[in-house]
Amino acid sequence: MASNELPKGLDKLLTMADEAADGARDTVADGDIALVHNLEAAIRTDRTNLYNANQTANATFKALNSAKTARSNADKAVIRLIRKAIRVLQLHLGAAGNAWLDTGIGPDVLQPADTQDGRVTQLERLGAYLAGHSQYESAIVSPPVTAANCAAVLTVLTDAIEAVND
């Protein structure tokens, strides 16, 4: 019994479509069979549409992977900034406690939040805290612990998150 199994892999499928289109053309040209469906032009159009859809999908996957990498890098920058801010602010606020409440960090555990959403909230609150307490900012450390840098790093992260979600 003959098998009509489709090949695996796009290249083999496109080759099979070319062969089918050639066969449809030759059959019609020879006058052997009057084809009603699957004329050469329709097969070639379908083949081209499949190829183009595959190209679009590949480009989309590459763009998504790039966006995910950018989001991951931006999130790492947020974590570095929060950790640096903890070290800078410990000089003024102490190791832990209620003095940390308005910073968005702590008060009991001084570390970046476990989730990206939590870190976004921490960075928003940290930026607002530093804007109101500019005497605690430190532009000489890397990354700078300033309200302006909190806003800049937050913008990069939220833009990267949006790019992944689009």
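No value in this document is a laboratory result; all are computed from the given coordinates. If you're wondering where the values come from, they're calculated on a predicted model, not measured in any experiment. Methodologically, a virtual Cβ is constructed for each residue, glycine included, from the backbone with ideal geometry; neighbour enumeration extends over all protein chains shown.
How about K76: which lysines have a C-alpha closer than 25 Å to its C-alpha, ignoring those fewer than 8 places off in the same chain?
Hits, sequence-local ones excluded: K62, K68, K84.
Using only Cα atoms, locate the centre of segment 102-117 and the centre of segment 41-82, then give the distance between them in Å, rounded to an integer.
Measuring centre to centre over Cα atoms gives 33 Å.
Which order do the peptides 102-111, 59-68 take when ranked by the mean count of other beta-carbon atoms within 10 Å per residue, highest first? Don't skip to the end; give the middle numbers.
Values: 102-111: 16.7, 59-68: 12.0.
Descending mean neighbour count gives 102-111, 59-68.
Given segment 34-166, report the % of alpha carbon pairs whose separation exceeds 24 Å. Please list the in-between numbers first.
Working: 4008 of 8778 pairs.
Summing the P(r) of segment 34-166 above 24 Å gives 46 percent of all pairs.
Can you give the calculated 222 nm mean residue ellipticity of the chain, where each DSSP H run of n ≥ 4 adds -39,500 (n - 2.57) and the sum is split over every residue, rounded to the nearest 500 deg cm²/dmol?
Working: 4 runs with 111 residues, N = 166.
Roughly -24000 deg cm²/dmol at 222 nm, from the helical runs in the chain.
What percentage of all Cα-Cα pairs in segment 119-166 are separated by more than 18 Å?
On the way: 357 of 1128 pairs.
Summing the P(r) tail past 18 Å for segment 119-166 gives 32 percent.
Applying the Karplus parametrisation 6.51 cos²θ - 1.76 cosθ + 1.60 with θ = phi - 60° to the phi angles of segment 7-20, what ³J(HN,Hα) value in whole Hz is obtained for each residue in order, glycine and proline being reported as x?
Using θ = phi - 60°, the values come out as x, 8, x, 5, 4, 5, 5, 5, 5, 5, 5, 4, 5, 5 Hz.
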